[in-house]
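Read through the structure below, which is laid out as structure tokens, and then see the notes.
The values are calculated or read from the model by the stated rules, or taken from the named source; none is laboratory data. In this text, all values refer to a predicted model and were calculated from it rather than measured experimentally. Cβ: placed from backbone, ideal geometry, glycine included. Neighbour counts: every protein chain shown. Please note that ligands, DNA and RNA were not included when accessible areas were found on the heavy atoms of the full protein model with its side chains. Shrake-Rupley method; radii C 1.70, N 1.55, O 1.52, S 1.80 Å.
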Amino acid sequence: MLSKKLADALNKQIGIEFYSSNLYLQMSAWADQQGLEGCASFLRAHAAEEMTHMARVFDYILEAGNLAEVGPIDGPPTNFDSAGKLFAQAYEHEKEVTAAIGNLVELCMEEKDFTTLNFLQWFVSEQREEEALYRTILDKFELIGTDGHGLFFIDREIGALRAGEAPPAA
Ligand code: FEO
């Protein structure tokens, strides 16, 4: 059984992962409307991945014998101005998620809950990967630029990232 404090904090993480999923889903809709098919499919896949993060926390709370709670979830923004700004926002969001995981780790140490600390290690690694992924995408905007056909090539590369393929030769 988890302490009340830790169960509350993990339940809050359920909301954070749900929000992440909704944010990327909304971002994918925006990208689709801009004709950025690669970005849209990448973001759509990432929205689905966030749901698996939510489910991991949800299941862990249940397995521990506590009540998993789905609280209210804020709606994400709907307009992102530009693809570059959208991915900068996604990167900032992932940094916030990393900080939330860090707070959970800290709480586990305070409460000497080493089982949950162990459970959270997966999230610690995952956040490192997600931040690195968004940094890679932001580098593409920086290196290729969005003038001329730039955005077309960036969109193709991001679409390929989603499929786990090597970026196509420009
Ligand atoms: Fe589940 Fe991207 O944090």
For ASN118, put the label point 7 Å out on the Cα→Cβ axis and report which residues of the range 54-71 keep their amide N under 19 Å from it.
56-66
Distance in nm between ASP139 and LYS5 label points, each 7 Å along Cα→Cβ, equals 4.0
In deg cm²/dmol and to the nearest 500, what is the mean residue ellipticity at 222 nm of the chain if only DSSP H runs of at least 4 residues count, each as -39500 (n - 2.57), divided by the residue total?
-27500 deg cm²/dmol
Computed over the range 21-170: relative contact order in percent, which uses C-alpha pairs under 8 Å that are six or more apart:
29
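Give, in nm to one decimal, the length gained when the segment between ALA45 and THR146 is fully stretched (0.36 nm per residue of separation minus the Cα-Cα distance). Don't skip to the answer; put the middle values down first.
Numbers: separation 101, 0.36 × 101 = 36.36 nm, distance 2.33 nm.
Result: 34.0 nm gained on full extension.
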Taking the C-alpha atoms of the range 75-170, how large are the radius of gyration and the largest Cα-Cα span, Dmax, in Å?
17.1, 56
Over the chain, what lengths in whole Å, largest first, do the semi-axes of the equivalent ellipsoid take, defined as the square roots of 5 times the eigenvalues of the alpha-carbon gyration tensor?
34, 16, 13
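Over the range 1-83, what relative contact order in percent results from Cα pairs under 8 Å that are six or more residues apart? Don't skip to the end; give the middle numbers.
Values: 98 pairs, mean separation 37.8, N = 83.
Computed value for the range 1-83: 46 percent relative contact order.
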Could you tell me the center-to-center distance, by alpha carbons, between the range 57-76 and the range 96-111 in angstrom?
16
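Taking the solvent-accessible surface of protein heavy atoms with a 1.4 Å probe, what is the per residue accessible area of the range 24-170 in Å²?
Numbers: 8150 Å² over 147 residues.
With the other protein chains kept in place, the range 24-170 gives 55 Å² per residue.
Starting from the coordinates of the alpha-carbon atoms of the range 40-83, obtain the Kirkwood hydrodynamic radius over all distinct pairs and give the value in Å to one decimal. Please list the in-between numbers first.
Values: mean 1/r = 0.0780 Å⁻¹.
Result for the range 40-83, one decimal place: 12.8 Å.
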Any lysines whose Cα falls less than 29 Å from that of LYS12, other than same-chain ones fewer than 8 residues away, would be LYS4, LYS85, LYS95, LYS112
